[in-house]
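Following: one structure in structure tokens, then a few remarks.
The values are calculated or read from the model by the stated rules, or taken from the named source; none is laboratory data. Nothing here was measured: the structure is a model prediction, and the numbers come from that model. Because the Cβ atoms are built from the backbone with ideal geometry, glycine has one as well, and the counts that use them run over all protein chains shown.
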Amino acid sequence: MEHERFDLEPLPRRDLDPQELLRVIFDYAAKIASARILEHVLLLMADMGRDMIVSDRCTVWLLDVNKNELWSKVAHGLDEIRIPKTAGLVGYAVTHDKAVFIDDAYTNEEYQPYLLNGALLTDQQTGYRTKALMVIPFRNNQGEIIGAYQAINKMTATEQFSAKDMEYLTLAASYAGKSLESALLTNEIEETQKEIIFTIGEIGECRSKETGNHVKRVAEYSYVLALGLGLSHEEAALLKMASPMHDIGKMAIPDAILMKPGKLTEEEFNRIQNHTVIGYHLLKASKRPILQSAATVAYEHHEKWNGTGYPRGLRGEEIHIFGRITAIADVFDALGSERVYKKAWELDRILELFKAERGEHFDPAVVDVFFHKLPDILQIRDTYVDTHGEKPSLKTKKRRH
């Protein structure tokens, strides 16, 4: 006889004892200190606040002064969201420099206009039931408000936040303000580096009559493939920033060779191949991780899994994983794009080539991930169309350089 099944409500959780709270703080502090990417710092901070006060959701909002908006990528289960600086409860807390504490969003009268413009409107869209709410502004080292913590729904039996919870979240907010200022500065430096790298990469591509969107697409393809292969978000982001420099060595190749519409002579082909060595020597002296990775990508993205590539004839895993990933990203985009010396290939023809070159030109694992991630790859291709406004039609033989 089958047992009758009952769906039971999950048991309520309890507040942390002091020892558990300290463990949460120390664990997250260590993770936050080692995180380099702003999105990850925000996510860790949101998780820390949520775990400290045993809430269902916690969001870290940042103030974008230039756009007069509040934004977050850390609303659990949601993508980046942006709201006007004065919108909703978090907007009220930031503009009035006031912590907000609500037991039940649907019966509260004091903040009802802000709730209708924020949490309750979101409930209507998502079906989520907001009850208890806390919002705590936080500041940078100069005392300026730069964002706020927002916690939703207490997960203990009381279903209400306490004065102790507000004390804990205020502590988390104080730490967040100090840590985020450093992360924001690091992020600004890395964004500047990325912009410079993309610009230099575009210069190399423009000299060979390719578009700047080629380097953007290769960067995005590489990021997707890296994550699909199990690389960390930090490694994938590093490759994404470095890969636009893969053909930087072309800046030293004469225009007569780069722009030649006909078949290259053996001497010309050897000159073209040398762009890998030139690019490597241009970048290798830097101590910056981005440029070190870019040097590796420039040097090895024309190596082949079977050892017949150039410039060193590396084989298999002798080729750095960044080189193996960029190789397939670069070839996919090169074949699917029209160049001065060739027409674009159709997508089916490219896919057949990749199947044939699995284990020959390309790392089999990277090829497998490529096919698994093909919908994402094609979406990137269509997002970053060529500058003349036409999508790569994905059609004659590719000149292999």
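Of all residues being in a loop (DSSP other than H, G, I, E, B) and more than 20 Å from GLY88 (Cα to Cα) in region 25-76, which is modelled with the highest pLDDT? Just the residue, please. Out of the qualifying residues, it is VAL54.
Does LYS287 count as under 28 Å from the mean Cα position of the chain (by Cα), farther than 16 Å from GLY359 by Cα, in the same structural domain as ALA237 (by TED's automatic domain parsing) and not in a helix (DSSP H, G or I)? Yes; evaluated as a whole, the condition is true for this residue.
Quick one: would you say SER55 is surrounded by 18 or more Cβ atoms within 10 Å (Cβ to Cβ), of a type in the set (S, T, N, Q) and either more than 18 Å from ALA151 (Cβ to Cβ) or outside the structural domain of GLU235 (by TED's automatic domain parsing) (or both)? In short, yes. Exactly one of these conditions fails for TYR92: (1) surrounded by fewer than 16 Cβ atoms within 10 Å (Cβ to Cβ); (2) at pLDDT 80 or above; (3) part of a helix (DSSP H, G or I). Give me its number. The one condition TYR92 does not meet is (1).
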